[in-house]
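The values are calculated or read from the model by the stated rules, or taken from the named source; none is laboratory data. Quantities reported herein were computed from a predicted structural model and do not represent experimental measurements. Positions of Cβ are backbone-derived with ideal geometry, glycine not excepted, and every protein chain shown enters the neighbour counts. Just so you know, the surface numbers come from the protein's heavy atoms only, side chains and all, with ligands and any DNA or RNA stripped out. Shrake-Rupley method; radii C 1.70, N 1.55, O 1.52, S 1.80 Å.
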Amino acid sequence: MRLRLLAVLPLGVATVFLLAALAAAAPPGASAYRWATLTVTLLAAAGCFAGSRPFASGDPLRYGWLLQSWGYLLLATRTIPALRDIPAAATLAVLLANVFGALSPVLMVRAWYGTGLGSAIPPVRRRIAVLAALAVALILAGPSTSLAAARLAGNPTAILDLIGGVGDIVSLTLFAPLLLIAVAMRGGRLAWPWGLLAGGLFCWLLCDAVAFADGCLPPAILGALSQSLRVAACLFYAAAGVAQREVSRPRESAAP
Amino acid sequence: MATLTPAQCIVAALAVHLGPNTAQVAVKAFAERALGVHAEEVRLDQVPTLLQALRPMLRTLVGQRASDETLERLGRELR
(Lines give C-alpha, C1' and ligand atoms only; values in the text may rest on other atoms or scores of the structure.)
Protein backbone atom coordinates (compact mmCIF):
# COMPACT_ATOMS: atom_id res chain seq x y z
CA MET A 1 0.00 0.00 0.00
CA ARG A 2 1.28 3.45 -0.83
CA LEU A 3 1.72 5.32 2.44
CA ARG A 4 1.72 8.65 0.61
CA LEU A 5 -1.84 7.98 -0.52
CA LEU A 6 -2.91 7.68 3.11
CA ALA A 7 -1.82 11.28 3.68
CA VAL A 8 -3.55 12.62 0.61
CA LEU A 9 -6.89 10.85 1.14
CA PRO A 10 -8.05 12.70 4.31
CA LEU A 11 -7.28 16.09 2.78
CA GLY A 12 -8.94 15.15 -0.52
CA VAL A 13 -12.10 13.81 1.11
CA ALA A 14 -12.32 16.79 3.50
CA THR A 15 -11.94 19.25 0.60
CA VAL A 16 -14.67 17.55 -1.42
CA PHE A 17 -16.85 17.49 1.71
CA LEU A 18 -16.26 21.22 2.31
CA LEU A 19 -17.14 22.13 -1.29
CA ALA A 20 -20.30 19.98 -1.17
CA ALA A 21 -21.34 21.42 2.19
CA LEU A 22 -20.80 24.98 0.98
CA ALA A 23 -22.72 24.29 -2.22
CA ALA A 24 -25.62 22.77 -0.28
CA ALA A 25 -25.48 25.54 2.36
CA ALA A 26 -26.53 22.93 4.92
CA PRO A 27 -27.31 24.41 8.35
CA PRO A 28 -25.20 23.24 11.31
CA GLY A 29 -26.81 20.11 12.75
CA ALA A 30 -28.13 18.92 9.37
CA SER A 31 -28.66 15.16 9.21
CA ALA A 32 -26.06 14.90 6.42
CA TYR A 33 -23.49 16.22 8.87
CA ARG A 34 -24.55 13.67 11.49
CA TRP A 35 -24.14 10.79 9.03
CA ALA A 36 -20.79 12.09 7.84
CA THR A 37 -19.63 12.45 11.44
CA LEU A 38 -20.77 8.92 12.31
CA THR A 39 -19.04 7.46 9.24
CA VAL A 40 -15.67 9.14 9.73
CA THR A 41 -15.72 8.55 13.49
CA LEU A 42 -16.28 4.83 12.96
CA LEU A 43 -13.54 4.81 10.32
CA ALA A 44 -11.18 6.44 12.82
CA ALA A 45 -12.10 3.83 15.45
CA ALA A 46 -11.53 1.01 12.95
CA GLY A 47 -8.25 2.49 11.68
CA CYS A 48 -6.85 2.96 15.19
CA PHE A 49 -7.92 -0.58 16.09
CA ALA A 50 -6.03 -1.82 13.02
CA GLY A 51 -3.01 0.15 14.26
CA SER A 52 -3.10 -1.76 17.56
CA ARG A 53 -3.13 -5.20 15.93
CA PRO A 54 0.60 -5.62 15.25
CA PHE A 55 1.38 -5.11 18.92
CA ALA A 56 1.22 -7.73 21.63
CA SER A 57 -0.31 -7.35 25.06
CA GLY A 58 2.13 -5.29 27.14
CA ASP A 59 3.43 -3.23 24.20
CA PRO A 60 2.71 0.43 25.05
CA LEU A 61 1.73 1.38 21.50
CA ARG A 62 -1.02 -1.28 21.58
CA TYR A 63 -2.70 0.62 24.41
CA GLY A 64 -2.08 3.97 22.72
CA TRP A 65 -3.89 2.85 19.58
CA LEU A 66 -6.62 1.03 21.50
CA LEU A 67 -7.39 4.07 23.65
CA GLN A 68 -7.70 6.16 20.53
CA SER A 69 -10.02 3.56 19.00
CA TRP A 70 -12.22 3.41 22.12
CA GLY A 71 -12.33 7.21 22.24
CA TYR A 72 -13.67 7.37 18.68
CA LEU A 73 -16.17 4.59 19.37
CA LEU A 74 -17.47 6.60 22.32
CA LEU A 75 -17.75 9.71 20.14
CA ALA A 76 -19.72 7.66 17.61
CA THR A 77 -22.32 6.78 20.27
CA ARG A 78 -23.24 10.49 20.41
CA THR A 79 -24.87 10.17 17.01
CA ILE A 80 -27.08 7.22 18.06
CA PRO A 81 -30.53 8.84 18.57
CA ALA A 82 -31.47 6.75 21.63
CA LEU A 83 -28.28 7.78 23.43
CA ARG A 84 -28.16 11.33 22.09
CA ASP A 85 -31.39 12.13 23.92
CA ILE A 86 -29.91 11.15 27.28
CA PRO A 87 -27.75 14.16 28.22
CA ALA A 88 -25.86 12.31 30.95
CA ALA A 89 -24.90 9.47 28.57
CA ALA A 90 -23.80 11.89 25.85
CA THR A 91 -21.76 13.95 28.32
CA LEU A 92 -20.13 10.88 29.81
CA ALA A 93 -19.24 9.60 26.32
CA VAL A 94 -17.60 12.92 25.43
CA LEU A 95 -15.82 13.01 28.76
CA LEU A 96 -14.36 9.51 28.39
CA ALA A 97 -13.49 10.14 24.73
CA ASN A 98 -11.58 13.26 25.82
CA VAL A 99 -9.74 11.36 28.54
CA PHE A 100 -8.83 8.53 26.15
CA GLY A 101 -7.90 11.03 23.41
CA ALA A 102 -5.54 12.82 25.79
CA LEU A 103 -4.05 9.67 27.34
CA SER A 104 -3.34 7.99 24.02
CA PRO A 105 -0.75 10.47 22.66
CA VAL A 106 0.80 10.70 26.15
CA LEU A 107 1.33 6.92 26.12
CA MET A 108 2.66 6.94 22.56
CA VAL A 109 5.11 9.79 23.08
CA ARG A 110 6.30 8.22 26.35
CA ALA A 111 6.75 4.90 24.52
CA TRP A 112 8.89 6.57 21.86
CA TYR A 113 11.12 8.30 24.40
CA GLY A 114 11.26 5.05 26.38
CA THR A 115 12.98 3.31 23.47
CA GLY A 116 16.17 5.33 24.03
CA LEU A 117 15.85 7.32 20.82
CA GLY A 118 15.21 10.60 22.63
CA SER A 119 18.60 12.01 21.64
CA ALA A 120 17.38 12.13 18.02
CA ILE A 121 15.48 15.27 19.02
CA PRO A 122 17.55 18.09 20.59
CA PRO A 123 16.09 18.92 24.05
CA VAL A 124 16.00 22.67 23.32
CA ARG A 125 13.94 22.12 20.18
CA ARG A 126 11.63 19.81 22.12
CA ARG A 127 11.04 22.34 24.92
CA ILE A 128 10.41 25.23 22.53
CA ALA A 129 7.98 23.20 20.43
CA VAL A 130 6.04 21.94 23.48
CA LEU A 131 5.83 25.45 24.97
CA ALA A 132 4.61 26.89 21.65
CA ALA A 133 1.98 24.14 21.33
CA LEU A 134 0.92 24.65 24.97
CA ALA A 135 0.50 28.38 24.31
CA VAL A 136 -1.70 27.71 21.27
CA ALA A 137 -3.70 25.07 23.19
CA LEU A 138 -4.27 27.50 26.07
CA ILE A 139 -5.40 30.22 23.67
CA LEU A 140 -7.83 27.84 21.97
CA ALA A 141 -9.14 25.75 24.86
CA GLY A 142 -8.15 27.89 27.86
CA PRO A 143 -11.12 30.29 27.97
CA SER A 144 -13.77 27.53 27.94
CA THR A 145 -11.78 25.52 30.50
CA SER A 146 -11.46 28.44 32.92
CA LEU A 147 -15.18 29.19 32.50
CA ALA A 148 -15.94 25.57 33.43
CA ALA A 149 -13.63 25.89 36.45
CA ALA A 150 -15.48 29.02 37.54
CA ARG A 151 -18.82 27.21 37.29
CA LEU A 152 -17.65 24.27 39.44
CA ALA A 153 -19.53 25.37 42.57
CA GLY A 154 -23.17 24.34 42.34
CA ASN A 155 -22.95 22.89 38.83
CA PRO A 156 -22.18 19.17 38.68
CA THR A 157 -21.82 19.09 34.89
CA ALA A 158 -19.06 21.75 35.01
CA ILE A 159 -16.58 19.10 36.21
CA LEU A 160 -17.19 17.20 32.96
CA ASP A 161 -16.58 20.36 30.91
CA LEU A 162 -13.47 21.05 32.94
CA ILE A 163 -12.06 17.55 32.38
CA GLY A 164 -12.95 17.79 28.69
CA GLY A 165 -11.17 21.15 28.43
CA VAL A 166 -8.07 19.88 30.22
CA GLY A 167 -8.10 16.84 27.90
CA ASP A 168 -8.21 19.19 24.90
CA ILE A 169 -5.26 21.20 26.22
CA VAL A 170 -3.20 18.06 26.90
CA SER A 171 -3.88 16.45 23.53
CA LEU A 172 -3.34 19.70 21.59
CA THR A 173 -0.04 20.25 23.43
CA LEU A 174 1.08 16.77 22.38
CA PHE A 175 0.79 17.80 18.75
CA ALA A 176 4.34 19.21 19.06
CA PRO A 177 6.12 16.06 20.31
CA LEU A 178 4.22 13.90 17.79
CA LEU A 179 5.33 16.17 14.96
CA LEU A 180 8.92 16.25 16.22
CA ILE A 181 8.99 12.45 16.38
CA ALA A 182 7.62 12.21 12.83
CA VAL A 183 10.23 14.71 11.60
CA ALA A 184 13.02 12.84 13.43
CA MET A 185 12.03 9.67 11.55
CA ARG A 186 11.66 11.40 8.15
CA GLY A 187 12.74 9.17 5.34
CA GLY A 188 11.61 6.09 7.29
CA ARG A 189 8.28 4.28 7.04
CA LEU A 190 7.45 5.00 10.70
CA ALA A 191 7.32 8.73 9.96
CA TRP A 192 3.94 8.10 8.28
CA PRO A 193 1.81 6.88 11.22
CA TRP A 194 3.35 9.46 13.55
CA GLY A 195 3.01 12.26 11.01
CA LEU A 196 -0.60 11.31 10.25
CA LEU A 197 -1.39 11.31 13.98
CA ALA A 198 0.10 14.79 14.23
CA GLY A 199 -2.00 15.78 11.20
CA GLY A 200 -5.14 14.53 12.96
CA LEU A 201 -4.35 16.50 16.10
CA PHE A 202 -3.62 19.58 14.00
CA CYS A 203 -7.06 19.31 12.37
CA TRP A 204 -8.71 19.06 15.81
CA LEU A 205 -6.71 22.15 16.78
CA LEU A 206 -8.05 23.99 13.72
CA CYS A 207 -11.54 22.71 14.54
CA ASP A 208 -11.29 24.45 17.93
CA ALA A 209 -9.89 27.55 16.22
CA VAL A 210 -12.92 27.78 13.92
CA ALA A 211 -15.08 28.47 16.99
CA PHE A 212 -13.26 31.81 17.27
CA ALA A 213 -14.78 32.88 13.95
CA ASP A 214 -18.27 32.59 15.48
CA GLY A 215 -20.08 35.81 14.62
CA CYS A 216 -17.61 36.74 11.87
CA LEU A 217 -18.85 34.13 9.39
CA PRO A 218 -22.37 32.96 8.46
CA PRO A 219 -23.39 29.85 10.49
CA ALA A 220 -23.63 27.69 7.34
CA ILE A 221 -20.01 28.45 6.37
CA LEU A 222 -18.84 28.01 9.94
CA GLY A 223 -20.64 24.65 10.16
CA ALA A 224 -19.19 23.49 6.84
CA LEU A 225 -15.66 24.48 7.88
CA SER A 226 -15.96 22.85 11.29
CA GLN A 227 -17.42 19.63 9.87
CA SER A 228 -14.78 19.41 7.14
CA LEU A 229 -12.02 19.73 9.72
CA ARG A 230 -13.71 17.04 11.82
CA VAL A 231 -13.83 14.79 8.74
CA ALA A 232 -10.14 15.46 8.03
CA ALA A 233 -9.14 14.84 11.68
CA CYS A 234 -11.00 11.53 11.90
CA LEU A 235 -9.65 10.36 8.54
CA PHE A 236 -6.10 11.30 9.52
CA TYR A 237 -6.47 9.08 12.60
CA ALA A 238 -7.92 6.27 10.48
CA ALA A 239 -5.03 6.65 8.01
CA ALA A 240 -2.47 6.72 10.84
CA GLY A 241 -3.73 3.40 12.19
CA VAL A 242 -3.70 1.80 8.75
CA ALA A 243 -0.18 3.19 8.17
CA GLN A 244 1.03 1.69 11.47
CA ARG A 245 -0.36 -1.70 10.46
CA GLU A 246 1.26 -1.43 7.05
CA VAL A 247 4.62 -0.39 8.50
CA SER A 248 4.51 -3.21 11.03
CA ARG A 249 3.91 -5.84 8.40
CA PRO A 250 7.08 -7.92 7.95
CA ARG A 251 8.79 -6.72 4.76
CA GLU A 252 9.24 -10.22 3.31
CA SER A 253 5.46 -10.79 3.36
CA ALA A 254 4.56 -7.17 2.57
CA ALA A 255 2.92 -6.37 -0.73
CA PRO A 256 5.48 -5.11 -3.26
CA MET B 1 33.45 0.17 -4.05
CA ALA B 2 33.98 0.90 -0.36
CA THR B 3 32.91 -1.90 2.01
CA LEU B 4 30.28 -1.00 4.57
CA THR B 5 31.11 -1.44 8.25
CA PRO B 6 28.73 -3.59 10.36
CA ALA B 7 27.33 -0.42 11.94
CA GLN B 8 26.64 1.12 8.53
CA CYS B 9 24.80 -2.06 7.44
CA ILE B 10 22.64 -1.93 10.57
CA VAL B 11 21.94 1.80 10.08
CA ALA B 12 20.89 1.12 6.48
CA ALA B 13 18.49 -1.64 7.55
CA LEU B 14 17.00 0.35 10.43
CA ALA B 15 16.65 3.46 8.25
CA VAL B 16 13.84 1.73 6.36
CA HIS B 17 11.73 2.07 9.53
CA LEU B 18 13.37 4.87 11.51
CA GLY B 19 14.74 7.12 8.80
CA PRO B 20 18.49 7.65 8.31
CA ASN B 21 18.91 10.24 11.08
CA THR B 22 17.21 8.30 13.88
CA ALA B 23 18.71 5.00 12.68
CA GLN B 24 22.17 6.52 13.07
CA VAL B 25 21.28 7.84 16.55
CA ALA B 26 19.96 4.39 17.51
CA VAL B 27 23.06 2.47 16.42
CA LYS B 28 25.38 5.02 18.06
CA ALA B 29 23.44 4.99 21.35
CA PHE B 30 22.98 1.22 21.57
CA ALA B 31 26.58 0.44 20.54
CA GLU B 32 27.79 2.63 23.39
CA ARG B 33 25.23 1.25 25.83
CA ALA B 34 25.43 -2.46 25.02
CA LEU B 35 29.05 -2.79 23.87
CA GLY B 36 30.75 0.29 25.28
CA VAL B 37 32.24 1.19 21.89
CA HIS B 38 31.70 3.81 19.22
CA ALA B 39 29.43 2.70 16.38
CA GLU B 40 32.32 2.66 13.86
CA GLU B 41 34.26 0.26 16.11
CA VAL B 42 31.56 -2.46 16.20
CA ARG B 43 33.07 -5.77 15.02
CA LEU B 44 31.21 -8.58 13.26
CA ASP B 45 31.37 -10.80 16.36
CA GLN B 46 29.65 -8.04 18.36
CA VAL B 47 26.75 -7.72 15.93
CA PRO B 48 24.47 -10.31 17.64
CA THR B 49 24.81 -8.47 20.97
CA LEU B 50 24.04 -5.14 19.30
CA LEU B 51 21.03 -6.56 17.46
CA GLN B 52 19.77 -8.05 20.73
CA ALA B 53 20.09 -4.63 22.37
CA LEU B 54 18.14 -3.00 19.53
CA ARG B 55 15.31 -5.55 19.73
CA PRO B 56 13.15 -3.94 22.50
CA MET B 57 13.32 -0.53 20.78
CA LEU B 58 12.26 -1.90 17.42
CA ARG B 59 9.60 -4.13 18.96
CA THR B 60 8.08 -1.10 20.73
CA LEU B 61 7.78 0.82 17.47
CA VAL B 62 6.82 -1.83 14.89
CA GLY B 63 5.68 -4.85 16.91
CA GLN B 64 7.31 -8.21 17.43
CA ARG B 65 6.87 -9.77 13.96
CA ALA B 66 8.36 -6.91 11.94
CA SER B 67 11.07 -6.40 14.53
CA ASP B 68 12.10 -10.08 14.55
CA GLU B 69 12.03 -10.22 10.76
CA THR B 70 14.23 -7.12 10.36
CA LEU B 71 16.79 -8.18 12.97
CA GLU B 72 16.96 -11.81 11.84
CA ARG B 73 17.52 -10.74 8.23
CA LEU B 74 20.26 -8.39 9.39
CA GLY B 75 21.82 -11.13 11.49
CA ARG B 76 21.88 -13.46 8.45
CA GLU B 77 23.38 -10.77 6.19
CA LEU B 78 26.13 -9.92 8.67
CA ARG B 79 27.03 -13.49 9.58
- Message: What are the ³J(HN,Hα) couplings of region B:55-70, residue after residue, when phi is run through the Karplus curve with 6.51, -1.76, 1.60 and θ = phi - 60°? Round to Hz, x for glycine and proline.
- Response: 4, x, 4, 5, 5, 4, 8, 10, x, 5, 5, 5, 5, 4, 4, 5
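Assigning unit charges at the beta carbon (Lys, Arg +1; Asp, Glu -1) and nothing else, what dipole magnitude in debye, to the nearest 20, does the protein assembly as shown show about its Cα centre? Can you show the working numbers first?
Details: 27 positive and 16 negative charges, 75 e Å.
Charge dipole, the protein assembly as shown, about its Cα centre: 360 debye, nearest 20.
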- Picking from B:V11, B:A26, B:S67, whose Cα lies most toward the positive end of the charge dipole for region B:6-77 (charges on Cβ: Lys, Arg +1; Asp, Glu -1)? B:S67
- Under a Cβ-Cβ cut-off of 15 Å, what is the net charge of the residues other than A:L103 that fall near it, where Lys and Arg count +1 and Asp and Glu count -1? +1
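Counting each pair of different Cα atoms once, what's the Kirkwood radius of region B:36-79 in Å, rounded to one decimal? Let's see the in-between values first.
Details: mean 1/r = 0.0917 Å⁻¹.
That comes to 10.9 Å for region B:36-79.
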- Return the FRET efficiency for the residue pair A:L147, A:C216: r is the Cβ-Cβ distance, R0 is 25 Å, and the value is rounded to the nearest 0.05. 0.75
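Please report the orientation-averaged projected area of region A:76-182, defined via the convex hull of its C-alpha atoms, in nm². Before the final figure, lay out each step's value.
Working: hull surface 31.9 nm².
Mean projected area of the Cα convex hull: 8.0 nm².
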- Task: Between A:G51, A:G187, A:G164, find the one with the highest GNM mean-square fluctuation for chain A; connect C-alpha pairs within less than 10 Å.
- Result: A:G187
- Scattering from the C-alpha atoms of region A:205-256 alone, worked out with Debye: what is log10 I(q)/I(0) at q = 0.17, 0.25, 0.29 1/Å? -0.61, -0.89, -1.02
- Taking a 1.4 Å probe, which of A:S226, B:S67, A:S144 shows the most accessible area, and what order do the others take after it? A:S144, A:S226, B:S67
- Stokes-Einstein D for region A:142-201 (20 °C, 1.002 mPa s, Kirkwood Rh from Cα pairs), in µm²/s, comes to 164 µm²/s
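How high is the FRET efficiency between A:R2 and A:I86 when r is their beta carbon distance and R₀ equals 51 Å, given to the nearest 0.05? Walk me through the numbers on the way to the answer.
Details: r = 43 Å, r/R0 = 0.85.
It comes to 0.75.
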- chain A: angle of helix A:60-77 to the longest principal axis, Cα-based, in degrees nearest 10: 20 degrees
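Calculated from DSSP H runs of 4 or more alone, at -39500 (n - 2.57) each and per residue, what is the 222 nm mean residue ellipticity of the protein assembly as shown, nearest 500?
Numbers: 13 runs with 252 residues, N = 335.
Result for the protein assembly as shown: -26000 deg cm²/dmol, rounded to the nearest 500.
Carbon-plus-sulfur fraction of the accessible area of region B:6-77, 1.4 Å probe, in percent? Intermediate results must be reported in sequence, preceding the final value.
Values: 1660 of 3210 Å².
Exposed carbon and sulfur together represent 52 percent of the surface.
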- Summing +1 per Lys or Arg and -1 per Asp or Glu among the other residues with Cβ less than 14 Å from A:A137's Cβ gives -2
- Any chance you could check the Cα centroid distance between region B:1-69 and region A:26-101 for me, in angstrom? 38 Å
- Message: Placing unit charges on C-beta atoms (Lys and Arg positive, Asp and Glu negative, everything else neutral), compute the dipole magnitude of region A:74-215 about its Cα centre in debye, rounded to 20.
- Response: 540 debye
- Task: Rounding to the nearest 20 debye, state how big the charge dipole of region B:6-77 is about its Cα centre with +1 on each Lys and Arg Cβ and -1 on each Asp and Glu Cβ.
- Result: 200 debye
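Could you give the semi-axes, largest first, of the ellipsoid that matches region A:12-170, computed as the square roots of 5 times the alpha carbon gyration tensor eigenvalues and rounded to whole Å?
Details: eigenvalues 165, 101, 69 Å².
Taking √(5λ) for each Cα gyration eigenvalue gives 29, 22, 19 Å.
Where Lys and Arg each count +1 and Asp and Glu each count -1, what net charge lies around A:A45 among other residues with Cβ under 15 Å from its Cβ?
Details: positive: A:R53, A:R78, A:R230, A:R245; negative: none.
For residues surrounding A:A45, the net value is +4.
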- Item | Helix A:123-150 axis, angle to chain A major axis (alpha carbon atoms, nearest 10°) | 20 degrees
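State in Å² the accessible area per residue of region B:26-77; use a 1.4 Å probe, count heavy atoms of protein chains only, and round to the nearest integer.
Values: 2590 Å² over 52 residues.
Here the per-residue accessible area is 50 Å².
Assuming 1.306 mPa s and 10 °C, estimate D for the protein assembly as shown with Stokes-Einstein, Rh taken as the Kirkwood radius over Cα pairs, in µm²/s. Don't skip to the answer; put the middle values down first.
Values: Rh = 21.3 Å.
My calculation gives 75 µm²/s for D.
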- Query: Which angle between 0 and 90 degrees, to the nearest 10, do you get for helix A:219-247 versus the longest principal axis of chain A when only C-alpha atoms count?
  - Reply: 20 degrees
- q = 0.19 Å⁻¹: log10 I(q)/I(0) that the Debye formula gives for region A:9-101, counting C-alpha atoms only: -0.96
- For region B:6-77, just the Cα atoms, rotate onto the principal axes and tell me the three extents in Å, largest first. 28, 24, 19
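Residues of B:11-20, mean number of Cβ from any other protein chain within 10 Å of their own Cβ, rounded to a whole number?
Partner Cβ neighbours, averaged per residue: 5.
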- Which is farthest toward the positive dipole end of chain A among A:T77, A:P219, A:V124, measuring Cα position about the Cα centre, with Cβ charges +1 (Lys, Arg) and -1 (Asp, Glu)? A:V124
